[in-house]
Amino acid sequence: MTKPPIGRKLGQKVKSGKLKASSRRWLERHINDPYVQRAKLEGYRARAAFKLLEIDEKHQILKGARRIIDLGAAPGSWSQIAAKVTNSTDEDVRVAAIDFLEMAPLPGVKILQLDFLDDDAPRQLIEAIGGTPDLVVSDMAAPTTGHHRTDHLRTMHLCEVAAYFAIEVLGPGGHFLAKTFQGGTEKELLDMLKRHFKQVIHVKPGASRQESVEMFLLAKGFKGRQADVSDPRDESAEYVDEREGWSEDHGR
Ligand SMILES: C[S@@+](CC[C@H](N)C(=O)[O-])C[C@H]1O[C@@H](n2cnc3c(N)ncnc32)[C@H](O)[C@@H]1O
């Protein structure tokens, strides 16, 4: 188990002042969030670090990784972890990170400030790490428009494009992890991942807020591009649903 979050006193209130009620609620939740405090203490740029660490603790996707691609990387906590596990340095870069937002430099990480949907993004990502990645992670979420259905579809599209990218670039035995939304993983995407990977898992780490529809799709053990994946009925991959209180039928 990851260590329980620690930090200063929780339950702090923010004075109403000039803040809108919704902003005050957000700020209160943020300063009282044990993962935010722990990220600060441990030097991570975002609380999101613990989502990746918790998933790894259970599924060991970081161990032995030599090259990692981080999609939707800003502000950079997943890249911090990736650089550490790959021993990436500026002389021998093993981590490529992409985000259309600016991201502060990180030792050993090649940062591309670019839209992942840009046609040239895949080439630039591979060129940055100079070889085949064994792990592709995506925490990409589309900027919110306020229209729930549109936001949902856009993030699902990013997840799908990331999955096709992973299948195109991963080395045999590699893993793919991507943010998705509850109820949002299309059957075609799940089936496609099942054909290309040995195991496909829906996971909701503790650090992912319970009230959020966010969850993660983990595909482990890439079969390689030579594998025969032509049979759409191939159900040989193991499917595991680790989301509590969520029936598999809904997720398919
Ligand atoms: C939840 S944040 C990532 C946090 C990050 N994993 C960390 O640990 O710091 C999601 C990021 O995805 C980025 N993003 C969304 N769509 C993108 C796209 N099409 N191309 C590149 N980045 C994108 C956003 O700009 C945002 O910074």
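Taken together, the values in this text are just the output of simple stated rules run on the coordinates, not laboratory data. Since this is a predicted model, take the numbers as computed values, not measurements. When we count neighbours, we look across all protein chains shown, and the Cβ atoms used for this are built from the backbone with ideal geometry, even at glycine.
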Segments 56-63, 73-80 sorted - mean Cβ within 10 Å per residue, highest first: 73-80, 56-63
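By its C-alpha gyration tensor, with a ≥ b ≥ c as the square roots of the eigenvalues, how is the stretch 97-227 shaped: rounded for a/c under 1.5, else prolate for a/b larger than b/c, else oblate? Let's see the in-between values first.
Numbers: a/c = 1.65, a/b = 1.08, b/c = 1.52.
Here the stretch 97-227 falls in the oblate category.
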Dipole axis of the chain (+1 Lys, Arg; -1 Asp, Glu on Cβ), positive-most option in G131, N87, M103: M103
Rounded tilt (10° steps) of 187-196 against the dominant C-alpha axis of the chain: 60 degrees
In degrees, nearest ten, helix 49-59 long axis to first principal axis of the chain (Cα): 40 degrees
³J(HN,Hα) computed for each position of the stretch 19-27 - Karplus, 6.51 cos²θ - 1.76 cosθ + 1.60, integer Hz, glycine/proline x: 6, 5, 4, 5, 5, 5, 4, 4, 5
Under-5 Å amide H pairs with L135, H placed in peptide plane, nonlocal only: R67, I69, H175
Antiparallel content of DSSP bridges confined to the chain, in %, to 5: 35 percent
In order through the stretch 137-153: 3J(HN,Hα) via Karplus (6.51 cos²θ - 1.76 cosθ + 1.60), integer Hz, x for Gly, Pro: 10, 9, 10, 5, 9, 5, x, 6, 9, x, 9, 3, 5, 5, 4, 4, 5
Whole-Hz ³J(HN,Hα) from phi, Karplus 6.51 cos²θ - 1.76 cosθ + 1.60, for the stretch 166-173, glycine and proline x: 4, 5, 7, 10, 5, x, x, x
Alpha carbon convex hull of the chain, projected area averaged over orientations, nm²: 14.7 nm²
Fluctuation leader among V169, V137, V161 - the chain, Gaussian network, Cα springs under 10 angstrom: V161
Inter-label distance, nm, simple model (7 Å from Cα along the C-beta direction), K40/E91: 3.7 nm
Test item: Cα-centred dipole of the stretch 45-244, Lys/Arg +1 and Asp/Glu -1 on Cβ, debye: 440 debye
Efficiency of FRET between L27 and S236 - r from beta-carbon atoms, R0 45 angstrom, step 0.05: 0.40
